[in-house]
Amino acid sequence: MKTSKLEMTFEPVTPEELVETIRAYPRVVPVGAGTKPRLADVGSEFARVSTLQLSGIVEYEPSEFTFTALAGTPLAQIVAALAERGQYLPFDPMLVAGGATLGGTIAAGLSGPGRFRFGGLRDFILGVQFADGEGRLLRMGGKVVKNAAGFDLPKFFVGSLGRFGILVEVTFKVFPRPAELRTLRIDAPDAATKERLIQEAAGARWEIDALDAPAADDVVFMRIGGPAVALDALTKEILARWPGVALTGEQATHLWETVGEMSWVHPEGNVVKLALTPSRIAEFIAVVRGHAEARGWVSAGGNTGYLSVPAGSALPTLAWPAVTLSGEAPLWPGEHPRFEVMQAVKAALDPNNRFPKLDE
């Protein structure tokens with residue numbers, strides 16, 4: 001990971017200290033644990049405002065399947081607390097062991113393989129408290145699943161990179177954890193077969209939890225969940241349609257940890273997340289394989305792609321919306337659509353561009 005050029009870092013311990021810090025400086029950028037450093041690598045005129053001291057689970061209602069936590073709370077703490085009650089975040093939060101925080105994960109818009117079946121993290125956010133560019137503490141959304149009134153502003157913070165405000169507190173809904181998980185490795189001899197297989201599996205009746213594939217290897221990984229007896233039947237049916245094998249529990253754990261912690265990428269290199277579509281999986285794989293040093297991964301049934309190249313190596317041309325998570329590459333190396341509603345929200349919450357601009 002690269003070292004940021006920014007020098008001033010403040011760590012407020014209360015929401016009140018946070019807004020005082022925002023008001024004290026003309027330009028500020030929020031930072032978390034630094035697991036996605038490129039997102040906060042802006043100009044040296046920005047004061048860095050860390051959320052790490054704003055940490056802890058504020059409220060957890062297992063019977064209501066909701067929790068509220070401060071933005072600087074490590075994901076590992078949340079995952080552990082949910083596991084004790086047989087619950088989890090189905091979108092498979094990324095970089096948990098790496099120290100990623102709840103707020104940083106939201107700001108990066110980073111969902112894991114479970115997004116395929118259950119939706120991304122934006123589908124689990126119920127409400128947020130945040131500090132805007134005027135130094136106001138605002139609360140949007142609610143703390144219960146049924147609260148759906150008003151403009152769903154909390155979802156604008158997903159992938160916002162701290163452009164609209166600094167998250168203070170977030171409420172999520174959660175799910176019960178499946179009784180058992182099983183991962184299948186399906187053979188896919190070429191990129192076209194891989195694309196077709198993923199599309200067919202996505203439309204099948206098996207309710208697959210996760211559907212991922214490496215760009216380099218001729219395989220597709222499917223994860224299914226449920227009671228063991230049901231998984232036996234599903235495994236038999238799936239492997240009757242496509243050649244493959246079921247991974248052992250140890251193999252499956254290693255695989256999904258590799259994906260979730262992104263340990264397959266080039267250390268100190270450029271890591272980019274892309275918004276794909278299942279119909280362009282083969283095209284993305286061709287781009288990865290066309291670059292001598294690139295590594296790639298297809299996730300969430302072909303809706304997300306990840307690309308990694310070594311430090312000092314130029315990225316290939318990207319024909320998809322993309323954002324750089326770490327490295328020296330431009331923040332937005334691919335297509336970069338902007339919508340009028342985003343400009344309107346930015347103008348309302350940060351009229352003086354105290355936070356980085358949408359294109360900064």
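Some values worked out for this structure:
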{"quantity": "Under-5 Å amide H pairs with Gly269, H placed in peptide plane, nonlocal only", "calculated": "Ala311"}
{"quantity": "Residue with peak Gaussian network fluctuation, the chain [Cα springs, cutoff 10 Å], from Gln343, Gln87, Gln53", "calculated": "Gln343"}
{"quantity": "The chain, helix-only ellipticity at 222 nm - DSSP H runs n ≥ 4, -39,500 (n - 2.57), divided by all residues, nearest 500", "calculated": "-7000 deg cm²/dmol"}
{"quantity": "Value of Rg/Rh across the stretch 223-268 [Cα atoms, Kirkwood radius]", "calculated": "1.11"}
{"quantity": "Backbone HN-Hα couplings from phi across the stretch 283-298 [Karplus 6.51/-1.76/1.60, Hz, Gly and Pro as x]", "calculated": "5, 5, 4, 5, 5, 5, 5, x, 9, 4, 10, 7, 10, x, 9, 9"}
{"quantity": "Overall form of the stretch 299-338 per C-alpha gyration tensor (a/c, 1.5; a/b vs b/c)", "calculated": "oblate"}
{"quantity": "The stretch 264-286-the stretch 112-132 distance, computed between alpha-carbon centres (Å)", "calculated": "22"}
{"quantity": "The chain, relative contact order [Cα under 8 Å, separation at least 6], %", "calculated": "17"}
{"quantity": "Dimensions (Å) - the stretch 42-169, Cα atoms, principal axes, largest first", "calculated": "45, 36, 28"}
{"quantity": "Burial order of peptide ranges 179-185, 271-277, 165-171 (average beta-carbon count within 10 Å, highest first)", "calculated": "165-171, 271-277, 179-185"}
{"quantity": "Surface/4 estimate of mean projected area, convex hull on alpha-carbon atoms of the stretch 160-281, nm²", "calculated": "10.3"}
{"quantity": "3J(HN,Hα) from dihedral phi, the stretch 337-342, Karplus parametrisation 6.51/-1.76/1.60, rounded to Hz, x for glycine, proline", "calculated": "x, 10, 10, 4, 5, 5"}
{"quantity": "Cα-based shape type of the stretch 54-116, given that a ≥ b ≥ c are square roots of the gyration tensor eigenvalues and the cut on a/c is 1.5", "calculated": "oblate"}
{"quantity": "For the stretch 1-105: rounded, prolate or oblate by the Cα gyration tensor [a/c cutoff 1.5]", "calculated": "oblate"}
{"quantity": "Sequence-separation-based contact order of the stretch 302-360, relative, with Cα cut under 8 Å and 6+ spacing, percent", "calculated": "21"}
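Rule-based calculations on the coordinates, nothing more; no lab input. Note that the coordinates shown come from a computational prediction; the quantities given were computed from them, not determined experimentally. Here the Cβ is made from the backbone with ideal geometry for all residues, glycine too, and neighbour counts use every protein chain on show.
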